[in-house]
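Enquirer: Pasting in a structure now, in structure tokens, and then I'll have a few things to ask.
The values are calculated or read from the model by the stated rules, or taken from the named source; none is laboratory data. Only a predicted model underlies this, so the values are computations on that prediction, with no experimental measurement involved. FYI the Cβ positions are ideal-geometry reconstructions off the backbone, even for glycines, and counts take in every protein chain you see. Side chains included, ligands, DNA and RNA excluded: accessible areas come from the protein's heavy atoms. Shrake-Rupley method; radii C 1.70, N 1.55, O 1.52, S 1.80 Å.
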Amino acid sequence: DVAGGDGRLSHSFLLKHYAKVDIFDGCPLGIKKAKEAMMGHKNFGYAEQAYMEEFKWIHDYSAIFMVWCSGYLDRPALVSFLRLAKARLLNSSRRMSRTSTPDSFIIILDNLLDEVEVPIILKRQRMRTQKELESIYAEAGLI
């Protein structure tokens, strides 16, 4: 759970569907709350305080969830982060085509900016258009 805050997504959804769940976020209070909420759950791996730009990947994953956090990174940093995340997906070395079914995923949930709107930054978070995000995903080697 990338930038998982206090672990609400991890606690309410991910722990029920994945054998091991790790979480990181830049906010120390959020990570403390996440640890408290999930401590003792058999599927809880670890919670670490780290920002996306500095996070050190140590495990491979079948799914990486990024919910409302990709906008905190500028384009080069987001491309770099997504490349590193892709490399930590299980079976990431297997070449994927658009018609094949992947074994692992990066799931990104973000708001989209309409093509006609002027790009804005809210709370230091960039909003991007669908075309811009697709371009970023392609540059990072994602399908």
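Enquirer: Let me have the relative contact order for the chain, percent, based on Cα pairs under 8 Å that are six or more residues apart.
Expert: Computed over the chain, the figure is 21 percent.
Enquirer: Looking at the chain only, what percent of DSSP beta bridges run antiparallel? Nearest 5 please.
Expert: Values: 2 of 15 bridges.
Restricted to the chain, the bridges split so that about 15 percent are antiparallel.
Enquirer: In addition: Of MET127, TYR137, VAL2, which is farthest along the charge dipole of the chain in the positive direction, counting Lys and Arg as +1 and Asp and Glu as -1 at C-beta?
Expert: The listed residue farthest towards the positive side: VAL2.
Enquirer: Something else now. Taking mean projected area of the Cα convex hull in nm² straight from the coordinates, which label in (i) 10.0; (ii) 9.0; (iii) 11.2 is the correct one?
Expert: Looking at mean projected area of the Cα convex hull in nm² for this model, the match is (ii).
Enquirer: A further question follows. Would you please give the FRET efficiency between GLU134 and HIS41, computed as 1/(1 + (r/R0)^6) with r the Cβ-Cβ distance and R0 = 30 Å, to the nearest 0.05?
Expert: Details: r = 36 Å, r/R0 = 1.20.
Here the calculated transfer efficiency is 0.25.
Enquirer: Further question on the same structure: LYS131: which aspartates and glutamates have alpha carbons under 15 Å from its alpha carbon, excluding same-chain residues fewer than 8 sequence positions away?
Expert: List returned: ASP110, ASP114, GLU115, GLU117, GLU139.
Enquirer: Taking R0 as 25 Å, what's the FRET efficiency between ARG124 and ASN91 from their Cβ-Cβ distance, rounded to 0.05?
Expert: Numbers: r = 35 Å, r/R0 = 1.39.
My answer for the efficiency is 0.10.
Enquirer: While we're on this one: Under unit Cβ charges (Lys, Arg +1; Asp, Glu -1), what dipole magnitude, rounded to 20 debye, does region 1-95 have relative to its Cα centre?
Expert: Details: 14 positive and 10 negative charges, 84 e Å.
Around 400 debye, computed over region 1-95.
Enquirer: Ok, one more. Between TRP68 and ALA19, how high is the FRET efficiency from 1/(1 + (r/R0)^6) when r is the Cβ-Cβ distance and R₀ = 22 Å? Nearest 0.05.
Expert: Details: r = 25 Å, r/R0 = 1.14.
For R0 = 22 Å, the calculated efficiency reads 0.30.
Enquirer: Please list ARG8, ARG83, ARG75, ARG128 from largest to smallest accessible area, probe radius 1.4 Å, with all protein chains kept in place.
Expert: Numbers: ARG8 175, ARG83 125, ARG75 75, ARG128 10 Å².
Order by accessible area, largest first: ARG8, ARG83, ARG75, ARG128.
Enquirer: Can you tell me which lysines have their Cα less than 22 Å from the Cα of LYS35? Leave out same-chain residues fewer than eight positions away.
Expert: LYS16, LYS20, LYS56
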